[in-house]
Amino acid sequence: MEYPILYSFIRCPYAMRARMALKLTNIRCEIREVRLNNKPKQMINKSPKGTVPVLVLENEVIDESNDIIKWALRSNNVFDGNIDHNQIDLTNRLIELFDSKFKYNLDRYKYSTRYENIDPEIHKRKCLDILIYLESLISKEGWILGRKINKLDISILPFIRQYRIADIEWFDKQDKIKEIQKILSNFLNSDLFKDVMYKYDVWNENAEPQFFPQKKLKNR
Ligand SMILES: N[C@@H](CCC(=O)N[C@@H](CS)C(=O)NCC(=O)O)C(=O)O
């Protein structure tokens with residue numbers, strides 16, 4: 001197997017964070033763009049739980065986005081030195097907060113018709129409260145906790161992006177999350193984000209392999 005295989009879906013925030021980690025660590029993959037309503041059997045054979053992203057290695061299948069990030073950083077920890085050691089705990093706690101509480105409320109706000117007896121406005125507000133808390137921790141140096149991009153940025157900005165998309169005009173007017181608006185806007189305009197949002201054809205077993213990242217890499 002020359003390259004790892006990444007099953008991915010362009011708009012999935014978990015797949016986005018995995019693609020960013022692979023891009024930043026300069027790891028090239030064969031990318032298989034999937035649709036969630038038509039998952040390829042090859043993916044399900046490797047990971048029966050049926051979520052993306054899935055990274056298939058020679059002797060291992062990694063099907064949790066946080067584990068893909070961990071694996072990518074093991075070979076090339078590009079974030080080392082980007083934050084103070086005492087911020088590592090905070091980073092992990094914030095990722096956990098977004099993966100659990102923020103995501104829970106985001107789903108009930110954004111996809112409210114999928115749930116019974118809920119008020120999307122309550123969940124919109126709960127997400128905003130989490131963002132106001134995050135705002136109080138922001139470094140004002142460019143990224144969430146410092147001058148350089150970090151695991152926290154790639155892990156949670158895709159979810160904040162989704163929250164914004166649900167009501168862009170409203171989000172952009174919120175004056176208690178001004179730093180988050182700035183960071184998100186820089187993120188959406190970054191080359192990194194553009195590269196990970198490159199539109200690949202949906203994979204099928206007869207198609208020519210497609211590779212991620214698109215651009216030729218320097219070190220591999
Ligand atoms: N905990 C998983 C969650 C991944 C996840 O839930 N991905 C969604 C797409 S954003 C998915 O594949 N859902 C399956 C489906 O909708 O059928 C991870 O971090 O990788």
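Residues 100, 112: which one is within 11 Å of the ligand (Cβ to nearest atom) and either free of Cβ contacts under 8 Å to residues at least 60 places away in the same chain or within 18 Å of residue 24 (Cα to Cα) (or both)?
Working: 112 fails: within 11 Å of the ligand (Cβ to nearest atom).
Criteria check complete, one pass: 100.
Output the residue which, of all residues in the stretch 37-77 that are touching a helix residue (DSSP H, G or I) at 6+ places or on another chain (Cβ under 8 Å) and either part of a helix (DSSP H, G or I) or in the same structural domain as residue 150 (by TED's automatic domain parsing) (or both), is surrounded by the most Cβ atoms within 10 Å (Cβ to Cβ).
65
Scan the stretch 56-76 and report the pairs whose first residue is more than 20 Å from residue 33 (Cα to Cα) and whose second residue is part of a strand (DSSP E or B) and within 16 Å of the ligand (Cβ to nearest atom), with Cβ atoms within less than 9 Å and a gap of 6+ or a chain change.
70/62; 71/55; 71/62
Given the criteria of a type in the set (Val, Ile, Thr) and surrounded by 12 or more Cβ atoms within 10 Å (Cβ to Cβ), does residue 168 qualify? Break it down stepwise before answering.
Details: of a type in the set (Val, Ile, Thr): yes; surrounded by 12 or more Cβ atoms within 10 Å (Cβ to Cβ): no.
No, not satisfied.
Of 69, 31, which residue is within 10 Å of the ligand (Cβ to nearest atom), aliphatic (A, V, I, L, M) and at pLDDT 95 or above? If you could, list the steps in order and put the result at the bottom.
Values: 31 fails: within 10 Å of the ligand (Cβ to nearest atom).
One residue alone meets the criteria, 69.
The values are calculated or read from the model by the stated rules, or taken from the named source; none is laboratory data. Only a predicted model underlies this, so the values are computations on that prediction, with no experimental measurement involved. Ideal geometry is used to build each Cβ from the backbone, glycine not excepted, and the neighbour counts take in all protein chains shown.
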